Amino acid sequence: MREICVVGVGYVGIVTAACFADLGNRVVGLDISEEKIKNLKKGIMPIYEPGLKDMVDRNMSAGRLVFTTSYEEGLKEADFVFICVGTPEGVDGEADLQYVRESAIAVAETMHKPLTIINKSTVPVGTGDWVSDIMRQHQPTPIKFSVVSCPEFLREGSALADFLNPDRTVLGSLDREAANRVAELHLPLRAPIVVTDLRTAEMIKYASNAFLATRISFINEIANICEALGADVKEVAQGMGYDKRIGHYFLDAGVGYGGSCFPKDVKALSYMAQVHGRHPQLLHAVMEINNYQRRQAVLKLRDLLGNLSGKTVGLLGLAFKPNTDDLRDAPSISIARMLQSEGASVRAYDPVAMDHAQNVMPGVAFAKDAYGLAEGCDALVVVTDWNEFKQLDMSRVKAAMKQPVVVDGRNIYNPERMQQMGFTYQAFGRGINAHPRAAQAWPSAESAPATDGKVPEGADD
Ligand code: UDX
């Protein structure tokens, strides 16, 4: 049993606090938000995450997990302090470190015994060194501390499982003993532990997220080409994925990535590279393709419906991915805005994200379920691949719609079946509904028109 304080009980913090308590440690969750702490004490979670409430309740009842707004109380017994505060996107994509700075100062001013400070927030490379400097400047009397970087790799919706069964734990520090102490905390997780220096650990996090985002933009680029050439990206991805060097993960084409990490981290990495005189061309392309995927949903609707002014479009799903109510940088928000700017009425349904959506999606009308959403719509757009959308009674959906038009932004339906049912159906990168020009098969490579790398006239991409 170790004494741990977790500073910041947002997404990463609450999961970290709950899981370390569940592993038998004594954990104090600390946050400056009175409201968050008051709610947690009453058993109200700050986020929606499957299994979290049970785990928090269980560990609170066992006395291993408590919550406070006081640094004195949080650091009373602590040997380890996890910094899990938010690092929102600042100007130009640079991460905003205000909260990291404030919590480092508060820890420095309050600590009364040696501490191991572990940073879990995604922070620019070099932040660990910066935190050490700030702490040294703000300690009333020098007390030994070490800073360790331990980036989180939690996916929303499976954060508890990701924490408890990680693919790896990354620890970076200039103080090897401190890194070893933190490694011991993670031993029950039985995952490989990579011990390295601070900056390398910080970079591993950015590089991992940028690589995953690159895979998504890569398959989206392939999807766009598939669409032009009459191939099916789902089968292309499947065929590629059996190659062990490639694998099947993160090859789902559609409206692209959103959420609190990928968009922000790719931008921040690109910003860091540019500040240091590098030209991160690939990262720029990854972001550009991702933005284009959102626009494509609207372009497809325009193709199918003509002028969007006065049309009613229903969004199936709002959260940036299933099993979460998170709308941060969700494709649904950009798509709704684009549709509204073209004069369309936007309606939406999401199994859990509608409460949040009321505040961030002005002018959008919400339906109580997918069938209610379909009522009177000129088109539906699948934006989030919630399981409940995969098994809808499509004849009922069709009967409710004004026009049976579906743009499937997550490729969850079978194109042939949808067309047989009488839907006008467009997926992303699936040959069956390829652009008409795909039908003009090129008999041989020699006879293919030379484009000099330019997009042929009239092409969407
Ligand atoms: C991600 C990382 O996976 C996690 O390790 C990191 O620490 C935080 O960021 P998360 O943002 O929860 O986690 O979502 P993730 O499941 O990775 O999906 C991100 C986005 O990519 C979603 O919008 C999802 O719909 C999209 N996506 C994912 C695709 O468009 N295609 C894919 O093949 C996979």
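Observations
- Selected from S61, F80, I105, residue furthest toward positive end of dipole (the range 3-196; charges at beta carbon): S61
- Of the peptides 372-384, 270-282, the order by per-residue mean of other Cβ atoms within 10 Å, starting with the highest, comes out as 372-384, 270-282.
- 15 Å beta-carbon shell around R181, net charge (K/R +1, D/E -1): -1
- Using alpha-carbon coordinates, inclination of helix 262-275 to the longest axis of the chain, degrees: 70 degrees
- Just the protein heavy atoms count here, and of the accessible area of the range 169-230 at 1.4 Å, carbon and sulfur take up 60 percent.
- Order of exposure, largest accessible area first, which applies to K311, K402 with probe 1.4 Å: K402, K311
- Expressed to the nearest 5 percent, the antiparallel share of DSSP beta bridges inside the chain is 10 percent.
- Charge dipole magnitude, Cβ of K and R +1, D and E -1 - the chain, Cα centre, debye nearest 20: 460 debye
- Per residue accessible area of the range 229-433, 1.4 Å probe, in Å²: 45 Å²
- Per-residue [θ]222 nm for the chain (sum of -39500 (n - 2.57) over DSSP H runs n ≥ 4, rounded to 500): -13000 deg cm²/dmol
- Here the label points at E184 and R168, each 7 Å from Cα along the C-beta direction, are separated by 2.4 nm in the simple model.
- Those lysines that a straight Cα-Cα span of less than 19 Å connects to K144, excepting residues fewer than 8 apart in one chain: K76, K113
- By the rule of a C-alpha distance below 19 Å, with chain neighbours fewer than 8 residues away ignored, the lysines paired with K36 are K53.
- For the range 315-409, the alpha carbon positions stretch 33, 31, 21 Å along the principal axes, listed from largest to smallest.
- The share of accessible area on the range 39-83 that comes from carbon and sulfur is 49 percent, using a 1.4 angstrom probe.
- Centroid-to-centroid separation of the range 182-226 and the range 20-49 [C-alpha atoms, Å]: 27 Å
- On Cα atoms only, tilt of 11-22 relative to the major axis of the chain in degrees: 60 degrees
- Highest-first arrangement of 191-198, 23-30, where packing means the average Cβ count within 10 Å: 23-30, 191-198
- Rounded to the nearest 20 debye, the dipole magnitude of the range 3-196 is 600 debye, with +1 charges on Lys and Arg beta carbons, -1 on Asp and Glu beta carbons, and the Cα centre as origin.
- Summing charges over neighbours of A18, with a neighbour being any other residue whose Cβ is under 11 Å away from its Cβ, gives -1 when K and R count +1 and D and E count -1.
- Members of K368/K390; K41/K321; K267/K300 lying beyond 20 Å, as alpha-carbon distances in this model show: K41/K321; K267/K300
The values are calculated or read from the model by the stated rules, or taken from the named source; none is laboratory data. This is a predicted model, so every value here is computed, not measured. Here the Cβ is made from the backbone with ideal geometry for all residues, glycine too, and neighbour counts use every protein chain on show. Protein only, heavy atoms only, side chains kept; ligands, DNA and RNA dropped before computing areas. Shrake-Rupley method; radii C 1.70, N 1.55, O 1.52, S 1.80 Å.
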